Structure formats: structure tokens, C-alpha cells
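Here's the structure we're looking at; comments come further down.
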Amino acid sequence: MKVLLIKMSSMGDIFHTFPAVTDLLKFRPDIELDWVVEEGFAEIVSWHPGVSRIIPIGLRRWMTMRNRQAWREFKNWKHQLNQTQYDLVIDAQGLLKSLFIAKTSQSTNIQGYSQRSAREPWVSYFYDETHSVSKSLHAVQRTRKLLAKIGRYNISESFSFGIQQYFAPIEKKPRQLIFIVGTSWTTKLWSPTEWKKLTQLALKNGYHVEIIWGSESEKNLAEDIISACPGASRPSERMSITKVAERLVAASGVVGLDTGFSHLAGALEVPTIALYGPTSPTKVGLIGKHTCNFQLADPLNCMPCHKRQCKRLPPKSTETPPCLSMIEASLVWNALTELMTST
């Protein structure tokens with residue numbers, strides 16, 4: 001049975017989909033699964049052994065270009081997609097853009113979330129079959145339940161991301177810690193002062209700290225931390241996602257923010273602390289006994305605001321918002337050491 005899965009982005013969403021794919025291929029070995037994913041994340045999907053064909057799509061890029069070249073590229077992409085006739089197309093995103101791609105496949109069997117379950121409810125009217133899944137569930141469980149209903153099987157509480165085997169040859173480094181200091185929102189950044197304190201605690205306790213960076217601002221922050229904490233280091237060059245994954249899987253523990261690489265560490269079952277302030281980890285946070293979504297013990301009344309600008313700070317301020325600046329490095333360190341000991 002030829003099945004097309006549509007889950008194009010983001011990085012965290014892709015990791016959240018892996019357990020559902022693992023379930024599907026365990027209970028339905030008759031399925032040959034292809035996956036449509038944004039071109040920048042195709043590398044990630046290649047880690048899952050159950051995916052037969054990865055179909056990269058440049059939808060974000062085409063929407064930015066909005067010219068004849070973009071239209072030609074899309075038409076060529078559509079032509080290639082329709083070389084295969086799919087028995088089933090699963091829209092696991094429930095958005096206008098994912099519905100559009102599902103319809104592009106020309107399949108007569110498109111399934112997805114029901115009106116009450118989809119992120120953009122009206123898209124459900126265009127599916128051939130819909131399935132109700134509670135919106136209150138974590139994203140991992142929502143996708144698992146959706147695919148279980150489509151595949152007509154029952155799932156257990158335990159699950160596997162299914163990508164650990166890809167990195168099995170990587171040798172563990174018992175005293176290695178990885179710190180992920182960057183994220184896409186200014187309001188989700190932790191205080192540089194606290195990063196330095198945490199790094200000092202790690203070095204004092206005999207650990208080596210490597211600071212992962214992906215942009216010039218993150219590289220500058222890493223250098224600032226290293227200058228205050230001799231003994232810490234950073235990669236000399238910006239690394240591919242696979243190279244970052246190799247660093248993460250080798251580590252004893254990881255501390256990061258609400259960002260894709262923290263989700264990656266969690267998916268690789270590395271003891272991982274993710275710091276949350278303006279966003280909520282309830283539905284899209286790290287999941288599993290080896291992870292910890294760390295927030296203020298006494299949340300502020302404005303949490304979570306899900307805003308890129310903190311209302312408690314002046315307009316366009318780049319300062320750390322109170323919901324994160326009030327998180328102390330010593331508490332994060334205690335949580336990390338406890339997590340590494342118990343897993």
C-alpha cells in the first residue's frame with residue numbers, strides 16, 4: 001500500500017511525528033511510506049529507517065519568491081510527485097498549505113483531522129475521511145492517535161522516535177555537556193549571565209561544555225561565555241543538522257531553550273533540560289522520562305504569553321524577559337544532574 005505523509009515543518013513538528021511513523025510501520029508492515037517535507041528538513045527525515053522516499057518541497061522559498069521561476073519549480077515538483085499514484089494521503093498538519101499539497105497529489109483518499117481537531121478547522125471539509133483527536137493532547141500523542149485511527153490499530157503508552165539506531169555508532173562521552181544558547185525569538189533567550197553561571201558550575205564539577213551555535217549572534221554569545229569560562233568551547237564552523245545530532249547523542253546531558261535542537265536532543269533520548277518562559281511546553285514541549293521542561297516554580301500571571309515582545313519590557317527591548325531571567329543557573333544545574341543520574 002502506497003501512502004504519502006504530509007508534515008512539512010517545523011523541526012520540532014517533524015520530531016513529534018517520528019513516534020507515529022514508528023507505530024504505523026510496526027502495525028502496518030504492508031505500507032510503503034513516502035514523506036513530503038520542507039527541503040531544509042529533508043536531512044532529518046532521512047534518519048528514520050521506515051521512510052521509503054523523502055520528497056523535499058520548497059514551499060517556503062516559493063512563497064517568498066512569488067515569481068515565474070517559483071511557479072515553474074512548483075509545476076516540475078508536482079509532475080514528479082504525480083509519477084506515483086498513492087492509495088492514501090495523510091495530512092498530519094491540518095493547515096491550508098498542507099491541504100493544498102495533499103490535493104496536489106490527486107489522490108482520491110485524503111485523510112486528516114476532523115473539524116474539531118484540525119489546527120485550521122475548515123480544511124477538514126476537503127478530506128475524504130476525517131478523524132477526531134483531542135486538541136488537549138501533546139503533539140506526539142495527537143499524531144500517534146491520528147495515524148492509529150487511519151491505520152486501524154491500537155497504540156500503547158510507550159513509544160519510540162525510531163531514529164536512535166541511525167546514530168548507534170556514535171561513541172558516548174561521559175563528561176560532555178552540550179548547551180544550546182540560541183532560538184528564533186528574542187523573548188525565548190536566557191540571560192547570558194545565567195549561561196555563564198551554569199557553565200562555571202559544569203566546569204567546576206568536572207564536565208566539559210560545548211556551546212552549539214547556528215548564527216552570528218549565537219556565535220558571539222558562545223564566545224562571550226567562553227571568554228568568561230575558560231575550558232568551555234564551541235564548534236569552529238556552523239554544523240549541519242546531522243553533525244549537531246552526532247554531538248548531542250554523544251553527550252551526557254543537554255541544556256537548551258524552546259528550539260528545534262532541544263527537541264532533537266529529546267528525540268535522541270539524551271537527558272535534556274529545555275527552558276520555557278513565554279511559551280508553554282504542555283502540548284509541544286519535550287516528552288519522555290529523560291527530558292525536563294523547566295519553568296519558574298511560581299509562574300508569572302502573564303505566562304505563557306506566546307509573544308515575541310515582552311510587555312514588561314520597553315518596546316524593541318532585547319533584554320531577557322522576567323519569565324526567563326528569574327530562572328537561576330543553580331536550579332537548572334540541580335535539575336540536570338538529577339536527570340543525568342536517574343536516566
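Any idea which of Arg119, Arg53 is out of contact with any helix residue (DSSP H, G or I) (no Cβ under 8 Å at 6 or more places or on another chain), under 29 Å from Ile163 (Cα atoms), modelled with pLDDT under 95 and charged (D, E, K, R)?
The conditions single out Arg119.
Being touching a helix residue (DSSP H, G or I) at 6+ places or on another chain (Cβ under 6 Å) and modelled with pLDDT of 95 or more is the filter; apply it to the stretch 1-12 and report the residue that is surrounded by the fewest Cβ atoms within 10 Å (Cβ to Cβ).
By that ranking, first place goes to Lys7.
Ala202 is checked against (1) touching a strand residue (DSSP E or B) at 6+ places or on another chain (Cβ under 7 Å); (2) under 20 Å from Thr320 (Cα atoms) and fails just one. What number does that condition carry?
Here Ala202 clears every test but (2).
In the stretch 134-165, how many residues are of a type outside the set (Ser, Thr, Tyr), surrounded by fewer than 21 Cβ atoms within 10 Å (Cβ to Cβ) and in a loop (DSSP other than H, G, I, E, B)?
Number of matching residues: 8.
Here is a list: Ala265, Ala274. Which entry is surrounded by 20 or more Cβ atoms within 10 Å (Cβ to Cβ), part of a strand (DSSP E or B) and in the same structural domain as Ser184 (by TED's automatic domain parsing)?
One residue alone meets the criteria, Ala274.
In the list Arg119, Arg72, which residue meets the criterion of being outside any helix (DSSP H, G or I) and either among the hydrophobic types (A, V, I, L, M, F, W, C) or surrounded by fewer than 17 Cβ atoms within 10 Å (Cβ to Cβ) (or both)?
Step by step, each of Arg119, Arg72 is checked, and only Arg119 is outside any helix (DSSP H, G or I) and either among the hydrophobic types (A, V, I, L, M, F, W, C) or surrounded by fewer than 17 Cβ atoms within 10 Å (Cβ to Cβ) (or both).
Lys172 - would you say it is of a type in the set (D, E, K, R), over 30 Å from Phe27 (Cα atoms) and at pLDDT below 95?
It is true that Lys172 is of a type in the set (D, E, K, R), over 30 Å from Phe27 (Cα atoms) and at pLDDT below 95.
Consider the stretch 95-108. How many of its residues are over 19 Å from Phe15 (Cα atoms) and surrounded by 15 or more Cβ atoms within 10 Å (Cβ to Cβ)?
7
Of all residues in the stretch 16-30, count the ones that are out of contact with any Lys or Arg (no Cβ under 7 Å at 6 or more places or on another chain) and within 17 Å of Ile55 (Cα to Cα).
2
I'd like to verify a number: residues in the stretch 169-202 that are more than 18 Å from the chain's Cα centre (by Cα), among the hydrophobic types (A, V, I, L, M, F, W, C) and either surrounded by 18 or more Cβ atoms within 10 Å (Cβ to Cβ) or under 14 Å from Arg234 (Cβ atoms) (or both), how many?
The qualifying residues number 6.
Among the candidates Ala222, Ala202, which residue alone is farther than 30 Å from Lys307 by Cβ, in a helix (DSSP H, G or I) and assigned by TED's automatic domain parsing to the domain that holds Thr279?
Ala202
What is the residue count in the stretch 11-44 for residues that are outside any helix (DSSP H, G or I), over 21 Å from Val284 (Cα atoms), of a type outside the set (Val, Ile, Thr) and in contact with a Gly (Cβ under 9 Å, 6 or more places away or on another chain)?
Residues that pass the stated criteria total 2.
For the stretch 13-24, indicate whether the set of residues that are more than 17 Å from Lys149 (Cβ to Cβ), surrounded by fewer than 17 Cβ atoms within 10 Å (Cβ to Cβ) and modelled with pLDDT of 95 or more is non-empty.
Checking the stretch 13-24: not a single residue is more than 17 Å from Lys149 (Cβ to Cβ), surrounded by fewer than 17 Cβ atoms within 10 Å (Cβ to Cβ) and modelled with pLDDT of 95 or more.
For the stretch 175-199, what are the residues that are part of a loop (DSSP other than H, G, I, E, B), touching a Pro at 6+ places or on another chain (Cβ under 9 Å) and at pLDDT 95 or above?
Correct list: Val181, Leu189.
Identify the single condition in (1) outside any helix (DSSP H, G or I); (2) within 19 Å of Val284 (Cα to Cα) that Ile55 does not satisfy, given that it satisfies every other one.
That leaves (2) as the condition not met.
From Glu338, Glu319, grab the single residue that is surrounded by fewer than 19 Cβ atoms within 10 Å (Cβ to Cβ), over 17 Å from the mean Cα position of the chain (by Cα) and at pLDDT 95 or above.
Glu338
The values are calculated or read from the model by the stated rules, or taken from the named source; none is laboratory data. No experiment lies behind these values; they were computed from the predicted model shown. We place every Cβ from the backbone using ideal geometry, glycine too, and count neighbours over all the protein chains shown.
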